[in-house]
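Readers should treat all values here as calculations from the given coordinates under stated rules, not as data from a laboratory. All figures in this text were calculated on a predicted structure; none of them were measured in a lab. All Cβ positions, even for glycine, are placed from backbone atoms using ideal geometry, and neighbour counts span all protein chains on display.
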Amino acid sequence: MDAIRSATGLDAGPISHVHVESWRTTYKGIVPDNYLAGLDEIARTASWRERIESGIPVFVAIQDGVVVGFISGGPIRDPIDGYDAELFTIYTLQHVQRRGIGTALLRKLASRLDADGFKNMAVWVLEDNASSSFYERSGALRVSSKDIEIGGAFLPVVAYGWPSLRTILSPG
Ligand SMILES: CC(C)(COP(=O)(O)OP(=O)(O)OC[C@H]1O[C@@H](n2cnc3c(N)ncnc32)[C@H](O)[C@@H]1OP(=O)(O)O)[C@@H](O)C(=O)NCCC(=O)NCCS
């Protein structure tokens with residue numbers, strides 16, 4: 001990986017591409033096939049552009065001049081006791097996974113949220129998703145669970161929480 005930087009509106013298309021590709025490779029067999037087939041990069045590009053321009057933290061990982069991963073976060077949406085920030089999305093392309101890019105993106109977001117005055121962070125993840133190991137490895141604990149509806153299916157999701165952003169910034 002060459003760099004991690006703040007996203008601009010021009011990154012909306014590449015982010016949308018990574019988002020859709022990563023959903024298809026990660027959630028095949030978990031999320032209904034017709035939902036995955038219907039994911040629309042162009043529609044998602046518009047919503048990513050809006051999110052980036054609204055000022056929420058979004059960072060991209062660049063390799064060979066191309067966006068290969070991204071992360072976004074901000075104030076927690078669905079309250080969890082004691083948590084003030086949320087990791088909204090983190091995705092990397094399959095061929096660059098397990099090379100430290102996710103860890104670098106996570107640190108970048110934690111650093112920005114820490115500077116913005118947040119204390120801790122939670123993330124919702126589909127149960128049985130391998131990314132649970134990624135969150136546990138970085139010091140997150142299972143803190144809540146619920147079901148969500150995706151494409152007509154009700155799927156269990158688990159919240160992982162980092163009790164302090166400092167756990168991510170100064171591991172060990
Ligand atoms: C989850 C994700 C963002 C992690 O990014 P990454 O760059 O692959 O992660 P890192 O290389 O920094 O991993 C750090 C450690 O986390 C753990 N880990 C990461 N991905 C893992 C996986 N798929 N299975 C098991 N452990 C994993 C490992 O302990 C890893 O260290 P190691 O490779 O030395 O064993 C990335 O794999 C991804 O986009 N996955 C698919 C989409 C997804 O699940 N997103 C999260 C939705 S909530």
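For a footprinting-style exposure proxy, rank Glu21, Glu50 by other Cβ within 10 Å, fewest first.
Ascending Cβ contact count within 10 Å gives the list Glu50, Glu21.
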Gain on full stretching of the segment that runs from Lys146 to Asp81 - 0.36 nm per residue minus C-alpha separation: 22.0 nm
Gain in length, His17 to Asp128, computed as 0.36 nm per residue apart minus the alpha-carbon separation, to one decimal in nm? 37.6 nm
Lys28: which lysines have alpha carbons under 22 Å from its alpha carbon, excluding same-chain residues fewer than 8 sequence positions away? Lys146
So how far apart, in nm, are the two label points at Ser164 and Leu10 if each is 7 Å from Cα heading toward Cβ? 4.0
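Once you sort the root eigenvalues of the Cα gyration tensor of the range 1-80 as a ≥ b ≥ c, which label holds: rounded (a/c under 1.5), prolate (a/b larger than b/c) or oblate (the other case)?
Note, shape of the range 1-80 comes out oblate.
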I need the shape label for the range 59-154. Rule: rounded when a/c is under 1.5, else prolate if a/b > b/c, else oblate, with a, b, c from the alpha carbon gyration tensor. oblate
Taking the alpha-carbon centre of each part, the distance from the range 49-79 to the range 139-172 in Å is 18
Dipole size in debye (nearest 20) for the chain around its Cα centre, Lys and Arg Cβ +1, Asp and Glu Cβ -1? 500
What list do you get for Met1, Met121 if you sort them by fewest beta carbons within 10 Å? Met1, Met121
Provide the packing ranking of 91-98, 160-167, i.e. peptides ordered by the mean count of other C-beta atoms within 10 Å per residue, highest first. 160-167, 91-98
In nanometres, what is the gap between the two model label sites at Arg137 and Asp33, each 7 Å from Cα along Cα-to-Cβ? 3.1
